[in-house]
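The values are calculated or read from the model by the stated rules, or taken from the named source; none is laboratory data. Everything quoted here is computed from the prediction, not taken from an experiment. Neighbour counts run over all protein chains shown; Cβ positions are idealised from the backbone, glycine included. All accessible areas refer to the heavy atoms of the entire protein, side chains included, with ligands and DNA or RNA removed. Shrake-Rupley method; radii C 1.70, N 1.55, O 1.52, S 1.80 Å.
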Amino acid sequence: MRKKLVAGNWKMHMDWNESMTFLSEFVAKESSEAWGDVDVLIAPPFPYLRHFVEFTANARSAVKVGAQNCATEEAGAYTGEVSAKMLASLGVPSVILGHSERRSLYGEDAKVVGQKVRKALEAGLQPIFCCGESLEERENNVTEERLRQQLEESVLDLDSSEFEKLVIAYEPVWAIGTGKTATPEQAQETHAFIRQLINDRYGAALAQSIRILYGGSVKPGNAKELFAQPDIDGGLVGGASLKVDDFAEIVRCAF
Ligand code: PEP
């Protein structure tokens with residue numbers, strides 16, 4: 001049985017005061033409701049990470065903290081970059097990599113994403129590797145080809161001992177921040193395809209153990225049905241992770 005994971009990607013939202021209010025309200029809900037059966041993660045902007053790590057530890061919260069990106073290098077003259085090693089030194093356990101916004105707005109190609117995944121693994125972080133097709137690719141019936149390519153070019157050459165540490169997030173680009181969600185059937189079919197790819201490369205045991213999250217306009221109103229699909233192991237949530245009540249409700253949908 002794979003434990004479900006609900007991860008909130010805050011992107012570049014929330015100032016310091018807003019994020020502190022969110023965190024204390026959210027953790028208060030967690031302690032009154034016992035969310036033990038689901039892993040919950042929040043990925044705030046870089047400057048808040050250390051505080052989130054300390055706050056959750058002091059509150060004995062099970063909420064995990066993730067970063068939204070890391071550098072391809074470990075250290076050096078790379079102005080503005082933050083390395084996986086630095087994140088690990090803050091006590092951050094996970095990092096989102098290959099998000100479609102990083103790919104489209106910052107030109108990250110498969111090679112760059114693959115390098116970041118390796119740096120994250122070397123630093124002991126869990127990469128949450130995002131992949132997904134564009135609307136055009138879905139309409140042209142090349143979704144599977146695109147996903148195969150994204151996985152093959154960035155992560156399917158990892159050793160099984162490394163690959164097993166990944167979480168995969170399937171995020172159809174046309175569903176991110178658009179209010180359009182893949183139907184549970186569409187998402188299930190694609191998740192099953194991704195799991196089969198992993199099965200073909202690494203075998204059934206690893207394929208069955210790896211978590212594949214769905215991302216793309218997950219909301220309290222659609223999360224339950226999505227998370228009920230056999231190959232959907234939780235969600236990567238953008239917009240709806242910015243509201244305490246909505247995010248908490250999405251976590252409940254994963255019970
Ligand atoms: C995301 O940013 O990963 C995402 C899925 O965003 P949203 O939930 O807003 O579509």
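Worth pointing out:
- Counted charge near M86, where neighbours are those whose Cβ lies closer than 15 Å (Asp, Glu -1; Lys, Arg +1): 0
- Student exercise, segment 26-134 dipole from Lys, Arg, Asp, Glu Cβ charges, in Debye to nearest 20: 180 debye
- Length added when fully stretched, E153-E139, from 0.36 nm per residue minus Cα-Cα: 2.8 nm
- Within-13-Å neighbourhood charge of R2 [Cβ basis; K, R +1; D, E -1]: -1
- Restricting the calculation to Cα atoms, segment 151-255 shows an Rg/Rh of 0.99 when the hydrodynamic-style radius is the Kirkwood one.
- A dipole drawn for segment 4-253 from +1 and -1 charges on Cβ atoms has a positive end, and of A120, G132, P47 the residue lying farthest that way is P47.
- The mean accessible area for residues of segment 4-253, using a 1.4 Å probe and ignoring ligands and nucleic acids, is 44 Å² per residue.
- Extension gain from L206 to R252, taking 0.36 nm per residue of separation minus the Cα-Cα distance: 13.9 nm
- Ignoring lysines fewer than eight residues from K111 along the same chain, the ones with Cα atoms less than 18 angstrom from its Cα are K119.
- Heavy-atom accessible surface of segment 130-230: percent carbon and sulfur, 1.4 Å: 45 percent
- Highest to lowest packing among 116-122, 145-151, 4-10, scored as the average C-beta count within 10 Å: 4-10, 116-122, 145-151
- Under 25 Å from K29, Cα to Cα: lysines that are on another chain or at least 8 residues apart: K3, K4, K11, K64, K219, K224, K243
- Modelled label positions at T183 and T21, each set 7 Å beyond Cα in the direction of Cβ, lie 4.0 nm from each other.
- Given +1 at the Cβ of Lys and Arg, -1 at the Cβ of Asp and Glu and no other charges, the dipole of segment 196-236 around its Cα centre is 120 debye to the nearest 20.
- Label-to-label distance, A59 versus Y106, with points set 7 angstrom from Cα along the beta-carbon direction: 2.6 nm.
- Solvent-free Debye calculation, one equal scatterer per alpha-carbon of segment 4-253: log10 I(q)/I(0) at 0.17 Å⁻¹ equals -1.37.
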